[in-house]
Amino acid sequence: MHMKENKCNCQPSSKNQCNMRERTYELLETLERIEEELEDTHMMHLQEIEELGIKHDKELQRYHEHINALEDEMRHQQEMLNVLNNNVEQLQEETDRQKMDIDGFISQGIQDGMEH
């Protein structure tokens, strides 16, 4: 801030002019203070924006990590489901073979019984 001497050494006849000059200096000082405050406020605002951006980026990264973990878990669950489905298919095939074997034994037993 430029501190200017705002006291005038005017003659009493030009007192009005002197008052105007003093008031002008006061207004200039006020304007300089306002400009400095505005610059400080602007810098604080820019810093807040930067901090919010960093916070947003960190939060976004956490969401991505969580999504990736959920996708990994989903893949694992899908693999487990595929294994279980394969087991069910194998058990179904084995059950069908055993039914056919049992039906064959029953048919064979009936034929043997009819022959005796």
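The values are calculated or read from the model by the stated rules, or taken from the named source; none is laboratory data. Owing to the predicted nature of the structure, the values given are computational and were not obtained by experimental measurement. Cβ placement follows ideal geometry from the backbone for every residue including glycine, while neighbour counts extend to all protein chains displayed.
Yes/no matrix, rows are residues, columns are (1) surrounded by 10 or more Cβ atoms within 10 Å (Cβ to Cβ); (2) at pLDDT 95 or above; (3) of a type in the set (A, V, I, L, M, F, W, C); (4) touching a helix residue (DSSP H, G or I) at 6+ places or on another chain (Cβ under 7 Å):
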site: E5; (1), (2), (3), (4): no, no, no, no
site: K15; (1), (2), (3), (4): yes, no, no, no
site: C18; (1), (2), (3), (4): yes, no, yes, no
site: E26; (1), (2), (3), (4): yes, yes, no, no
site: E36; (1), (2), (3), (4): yes, yes, no, no
site: E51; (1), (2), (3), (4): yes, yes, no, no
site: H66; (1), (2), (3), (4): yes, yes, no, no
site: A69; (1), (2), (3), (4): yes, yes, yes, no
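For the range 89-102, state whether one or more residues are in contact with a Cys (Cβ under 7 Å, 6 or more places away or on another chain), surrounded by 10 or more Cβ atoms within 10 Å (Cβ to Cβ) and either part of a helix (DSSP H, G or I) or of a type in the set (A, V, I, L, M, F, W, C) (or both).
No, the conditions are met nowhere in the range 89-102.
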